[in-house]
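Only one structure is covered here, and it is reproduced in the block below.
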Amino acid sequence: MVVAIDGPAGAGKSSVARAVAQALGFTYLDTGAMYRSVGLAAERDGVAPGVAAERARIELGERVLLDGEDVTEAIRTPEASEAASRAAADPAVRKALVAQQRRIVADGDWVAEGRDIGTVVAPDAAVKVFLTASPEERARRRAAQIGADVATVLAEQAIRDERDANREHDPLAAAADAVELDTTGLSLEQVVERVVALVAAAR
Ligand code: C5P
């Protein structure tokens, strides 16, 4: 079974998806880490993101490995976020990564997090959640996570939101059958409880 968690940056997807996976005993798939790894590989090797996506060997788990190297922290810098966002707009990158993601979730129970899980990667997912929060709340959370200034994060976030929503290939949008959950003012526990209840109802 697949639980799809989509939504914009900072809506709380990662914390929610990890906690839901743990609560249910499912495996967590962070598809953003794959786009981030490809963005980083492209920058480092000076190649087009599409080439990096074909070449890069990405291993996801407790740590993220790119061609055997631990890049768990390196893919979270503001520069890596920007590189990931640009790589994610490249159709060749999306094609390669979506194919890998579909293979990964084909067997077993997954909580998969991203932008296009419910629409493209797993359109038959048993549960689809589209997490949102106000832009200010999202920027506050992200700034606290990475120890940055809220105004800077808000400005960079607006650029990435715009790119995610307006890119030609697989733009960020809720699936028609997704449950929209606005997390502004909700605690992590409250959000997790609601998603776990949706999974229980779908079983
Ligand atoms: O979720 P995260 O911030 O780690 O994602 C990094 C980048 O990858 C984002 O800018 C987003 O545009 C892109 N992404 C995507 N599709 C996904 C997951 C992430 O386009 N399924």
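The values are calculated or read from the model by the stated rules, or taken from the named source; none is laboratory data. Not measured: the values here are computed from a predicted model. When we count neighbours, we look across all protein chains shown, and the Cβ atoms used for this are built from the backbone with ideal geometry, even at glycine. Keep in mind that these areas ignore ligands, DNA and RNA; they rest on the heavy atoms of the full protein, side chains included. Shrake-Rupley method; radii C 1.70, N 1.55, O 1.52, S 1.80 Å.
The share of accessible area on the chain that comes from carbon and sulfur is 51 percent, using a 1.4 angstrom probe. With contacts taken as Cα pairs under 8 Å and at least 6 residues apart, region 97-203 reaches a relative contact order of 35 percent. By a 1.4 Å probe calculation restricted to protein chains, ILE104 has an accessible surface near 60 Å², given to the nearest 10. For the chain, the share of DSSP beta bridges that are antiparallel, to the nearest 5, is 20%. Any chance you could tell me what percent of the C-alpha pair distances in region 55-168 go past 24 Å? Of the Cα pairs, 35 percent sit more than 24 Å apart. Computed from the Cβ-Cβ distance with R0 of 22 Å, the FRET efficiency linking ASP107 to LEU60 stands at 0.90. Over the chain, Cα pairs under 8 Å with separation of 6+ residues give a relative contact order of 33 percent.
Backbone phi angles across region 160-168, fed through the Karplus curve with coefficients 6.51, -1.76 and 1.60 (θ = phi - 60°), yield HN-Hα couplings of 5, 4, 4, 5, 5, 7, 10, 5, 5 Hz in residue order; Gly and Pro are listed as x. Computed with a 1.4 Å probe over protein heavy atoms only, the accessible surface of the chain comes to 48 Å² per residue. At what distance in angstrom do the alpha carbon centres of region 91-123 and region 12-60 lie from each other? Distance between centres, Cα-based: 11 Å.
For region 10-27, 3J(HN,Hα) computed residue by residue from phi via the Karplus equation (6.51, -1.76, 1.60; θ = phi - 60°) reads x, 6, x, 3, 4, 4, 5, 4, 4, 5, 5, 4, 5, 4, 9, x, 8, 9 Hz, glycine and proline entered as x.
Database remark: amide H of THR72 closer than 5 angstrom to the amide H of VAL64 (H placed geometrically; neighbours at sequence offset of 5 or more, or on other chains; Pro and chain starts carry no H). Near SER134, the amide H atoms lying under 5 Å from its own belong to THR184; only residues 5 or more places off or on other chains count, and H is placed 1.01 Å from N. Restricting the GluC sites (Glu not before Pro) of region 1-78 to loop positions (DSSP other than H, G, I, E, B) with no more than 13 neighbouring Cβ atoms within 10 Å leaves GLU62, GLU73.
When a/c is below 1.5 the answer is rounded, else prolate if a/b is larger than b/c, else oblate, so apply that to the chain with a ≥ b ≥ c taken from the square roots of the Cα gyration tensor eigenvalues. Oblate is the answer for the chain, as a/c is 1.5 or above yet b/c matches or exceeds a/b. Taking a point 7 Å from the Cα of SER134 along the Cα-to-Cβ direction, the residues of region 159-203 with backbone N closer than 13 Å to it are 183-186. Under a 5 Å amide H cut-off, with hydrogens placed 1.01 Å from N, TRP110 pairs with VAL2, VAL3, THR27 among residues at least 5 apart or on other chains. 3J(HN,Hα) along region 44-49, derived from phi through the Karplus expression 6.51 cos²θ - 1.76 cosθ + 1.60 where θ = phi - 60°, amounts to 5, 8, x, 10, 5, x Hz, with x in place of Gly and Pro. Model label sites at SER15 and ALA48, defined 7 Å from Cα along the beta-carbon direction, differ in position by 4.0 nm.
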